[in-house]
1. Sort out which residues of the stretch 190-226 are under 17 Å from the mean Cα position of the chain (by Cα) and within 17 Å of residue 124 (Cβ to Cβ), and write them in order of number.
2. All but one of (1) part of a loop (DSSP other than H, G, I, E, B); (2) surrounded by 15 or more Cβ atoms within 10 Å (Cβ to Cβ) hold for residue 252; which doesn't?
3. Among the listed residues 159, 231, 187, 169, identify the single one that is surrounded by 13 or more Cβ atoms within 10 Å (Cβ to Cβ), over 18 Å from the mean Cα position of the chain (by Cα) and outside any helix (DSSP H, G or I).
4. Looking only at the stretch 198-221, filter to residues that are touching a residue at least 60 places away in the same chain (Cβ under 8 Å) and part of a loop (DSSP other than H, G, I, E, B); which one of those is farthest from residue 264 (Cα to Cα)?
5. Restricting attention to the stretch 101-113, does a residue exist that is more than 29 Å from residue 279 (Cβ to Cβ) and without any contact (Cβ under 8 Å) to a residue 24 or more places away in the chain?
6. If I go through the stretch 212-228 residue by residue, how many of them are closer than 17 Å to residue 114 by Cβ and surrounded by 15 or more Cβ atoms within 10 Å (Cβ to Cβ)?
7. So residue 133 fits all but one of (1) touching a strand residue (DSSP E or B) at 6+ places or on another chain (Cβ under 9 Å); (2) surrounded by fewer than 23 Cβ atoms within 10 Å (Cβ to Cβ); (3) under 22 Å from residue 261 (Cα atoms); what number is the exception?
């Protein structure tokens, strides 16, 4: 999960559980480490294993947010360069989505701090991203929001970077009309392929266009809206094939892009180290920064029953679509 700056720590689960900790199923929430599109992001302990995990705590339960939650919790792609949900739970007024804890922050943070990256370092990140997308596409899914903020990093220090693709909240099955509205566009401006921005059906080549934009950002330090051309770098032959406007002329698959990248034989280069960005683990007597809370918050049973019913219906729909 991404780890934004501490200033994002504003949302709190509604009340503490056993031993003063907020709980949802087997997950004990320890401290908030960021915020995501669906709500707050917390470090938690899985009481079944003792492992630390990241959980997204669902915010206001709108219909669209519930649909996004159910869609993301249904993703089960297992790959060393993918961060997909490992489980979910609901207890009282808490609804959470659990996944691996990735402590090194995001590629966006790396770019914000260091600017353009050495091309050999950037090529390694692009290679790992393409490996992740090859697994995602093989599972019949399109990510639809590939961007530096969704590319997470393990805390490898001065060692080789280890990228993991995260945030599957808008992922969809390939060419599935039920997850696309026309003329609306789903994704992030600048990283979306032209046809995706026009509301085209989900297709893996749209993710490949986004890889081209990300790759160019890695070597120039410039976001898409400031990029004026591909320029000259050893990644240029790959970026040219990814940033083609016509999807029919774009590289057909992540595997094809990987083969081209490896033929370029770009030597590895040292780059910025990736530190552990998580704060020190707080004492377990309280899940909150700034003081413990006592007593369990009142439970809105009628409201929660409605949420549970919606989740059940949406989960059944997602199971039909994704199987």
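No lab work stands behind these numbers, since they all come straight from the coordinates. It should be emphasised that the depicted structure is a prediction, and the values quoted were computed from it without experimental measurement. Because the Cβ atoms are built from the backbone with ideal geometry, glycine has one as well, and the counts that use them run over all protein chains shown.
1. Result: 211, 214.
2. (2)
3. Answer to the check: 231.
4. Checking each candidate, the answer is 202.
5. No, that holds for no residue.
6. Going through the stretch 212-228 one residue at a time, the tally reaches 9.
7. The number of the failed condition is (2).
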